[in-house]
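Shown next, in structure tokens, is the structure this report addresses.
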Amino acid sequence: MSLIRLVATTLGKTTGLLTLVVVVIAAVLSYFDEPDPVKYTSMAEDMKTLEENFKQQNKSCFILGASGETGKVLLQDLLERNLFSKITLIGRRQLTFEDKAYENLVQEVVDFEKLDEYAAAFQGHDVGYCCLGTTRAKAGADGFVRVDHDYVLKSAELAKAGGCTQFHLESSRGADKKSSFLYLKVKGQVEAEIEALGFDRYAIYRPGVLLVDRQESRPSEWVARKFFGAVSAVCTSSLSVPIQAVARAMVSNTLLQPEQKTEILENKAIASLGKVQGNK
């Protein structure tokens, strides 16, 4: 047997084995996983009506973290659905867009270390979206806390003081202020502290592994995304979700009126709501 044929045969067997493993794991996850949310099913027609009604209110919004993976997709979805009369991007640098669809955006460049000096940037918005965040590997422990807690909380405080009534926060699966893991603890702490601010509407999104091809990617992250991507192709689990579904869920959920002021959407709820299509 030639070397090429041997390699091809080996790869074929490996691929087949991996496929079998993924199917088995997917079946197990499907059996033990939380039930599918029924609240967001069959909403397409209702969503169209909700979108039309929302547009007539001429509301404005701001996005924190529009340069990040979720923020970029969120902005694109907002522009495509044309829900807001004004969209403001708040960030540390000016973003450049080539598409004409982005030409009417307002951009506010701020120094997150001196946010009190930029309070005006947070005034006059009805809805706030926060996709701001970093990682411990990228910024160190102190840098992570500063961005994911301090910057996020201060932004929420200024938004509330500036008249914002609805705040949407991208958090993480497993967020818990009592967790022994720094990442989950910080996420849980900022969730609770923003809730204490008393927004009229506060939605927390806790996605699992985000399925997205990052521009900056470590080998371990690449393997994890490929694995969970394969699992998600077989079944919907509470472990992962496409980033497009997260962004779409945040936009669609803006139109709804939950019974409680604070709402937590876990991964499966995000995936379910993220499938709902309105006027696109």
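Test Gln123 against the criterion of being modelled with pLDDT of 95 or more, within 19 Å of Cys164 (Cα to Cα), out of contact with any Ser or Thr (no Cβ under 8 Å at 6 or more places or on another chain) and open to solvent by 50 Å² or more (accessible area, probe 1.4 Å), and give yes or no. Spell out how you get there, then give the answer.
Numbers: modelled with pLDDT of 95 or more: yes; within 19 Å of Cys164 (Cα to Cα): yes; out of contact with any Ser or Thr (no Cβ under 8 Å at 6 or more places or on another chain): yes; open to solvent by 50 Å² or more (accessible area, probe 1.4 Å): yes.
Here the answer is yes, as Gln123 does meet what is asked.
If you scan the stretch 44-61, which residues turn out to be in contact with a Phe, Trp or Tyr (Cβ under 7 Å, 6 or more places away or on another chain) and open to solvent by less than 40 Å² (accessible area, probe 1.4 Å)?
Ser60, Cys61
Among the residues of the stretch 133-182, count how many are more than 23 Å from Asp116 (Cβ to Cβ), of a type in the set (A, V, I, L, M) and not in a helix (DSSP H, G or I).
So the answer is 1.
Tell me which residues, restricted to the stretch 68-118, are of a type in the set (A, V, I, L, M, F, W, C), open to solvent by 20 Å² or more (accessible area, probe 1.4 Å) and either under 30 Å from Thr49 (Cβ atoms) or modelled with pLDDT under 95 (or both).
Val73, Leu79, Phe97, Ala101, Leu105, Val106
With the condition kept exactly as written, say whether any residue in the stretch 83-99 is part of a helix (DSSP H, G or I) and on the phi < 0 side of the Ramachandran plot.
no
All but one of (1) at pLDDT 95 or above; (2) within 20 Å of Thr134 (Cα to Cα); (3) surrounded by fewer than 16 Cβ atoms within 10 Å (Cβ to Cβ) hold for Gln215; which doesn't?
Only one criterion is unmet by Gln215, namely (1).
Quick check on this structure: which one of Gly162, Gly133 is surrounded by 19 or more Cβ atoms within 10 Å (Cβ to Cβ) and touching a helix residue (DSSP H, G or I) at 6+ places or on another chain (Cβ under 6 Å)?
Exactly one residue qualifies, and that residue is Gly133.
With respect to Ala192, is the statement that it is part of a helix (DSSP H, G or I) and surrounded by fewer than 19 Cβ atoms within 10 Å (Cβ to Cβ) true?
Yes, satisfied.
The values are calculated or read from the model by the stated rules, or taken from the named source; none is laboratory data. Keep in mind that this is a model prediction, so the values were computed, not measured. Cβ sites come from the backbone with ideal geometry, for glycine too, and all protein chains shown count toward neighbours. Areas reflect the complete protein model, heavy atoms only, side chains present, ligands, DNA and RNA absent. Shrake-Rupley method; radii C 1.70, N 1.55, O 1.52, S 1.80 Å.
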